[in-house]
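The values are calculated or read from the model by the stated rules, or taken from the named source; none is laboratory data. Note that the structure is predicted; figures quoted are calculated from it, not measured. So basically every Cβ, Gly included, is an ideal-geometry build from the backbone, and we count neighbours across all protein chains shown.
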Amino acid sequence: MPPREHRASSWRRRYSDRERLQDRPERSADQRAQGHVLLDTSRAFLAWGRHDRALYVLRAAGDIAPEEITGCPAALRLVRDILATAPISVRREAREYAEALGVST
């Protein structure tokens with residue numbers, strides 16, 4: 001087993017490498033891609049009639065890549081579609097999310 005000091009410095013080096021990797025610009029591209037995948041998934045759930053799942057996935061996309069939700073007209077249209085077709089059990093939460101995004105019905 002390596003000496004204790006060597007293990008600690010090795011851990012610090014790995015930790016600083018991880019921090020450096022998190023600050024790379026590719027991370028935002030990954031987030032953007034993940035946001036698009038979640039938007040498509042939300043669209044699929046809405047087409048399937050699973051409004052609660054569509055809203056849940058859409059909110060997850062907003063947490064991961066908020067600029068993809070607020071800046072994309074198709075995403076805002078998806079919010080309006082969920083709000084317009086959601087059953088009463090989901091409508092209140094959908095309305096609150098739409099208001100938070102500034103989407104008018």
Among the numbered criteria (1) at pLDDT 90 or above; (2) farther than 14 Å from Ala98 by Cβ, which single criterion is violated by Arg27? (1)
Among the residues of the stretch 47-54, is any modelled with pLDDT of 80 or more, over 19 Å from the mean Cα position of the chain (by Cα) and among the hydrophobic types (A, V, I, L, M, F, W, C)? yes
From Ala54, Ala86, which residue is farther than 20 Å from Gly35 by Cα and surrounded by 19 or more Cβ atoms within 10 Å (Cβ to Cβ)? Ala86
Please state which of the following conditions Ser16 fails to meet, knowing it meets all the rest: (1) under 18 Å from the mean Cα position of the chain (by Cα); (2) modelled with pLDDT under 95. (1)
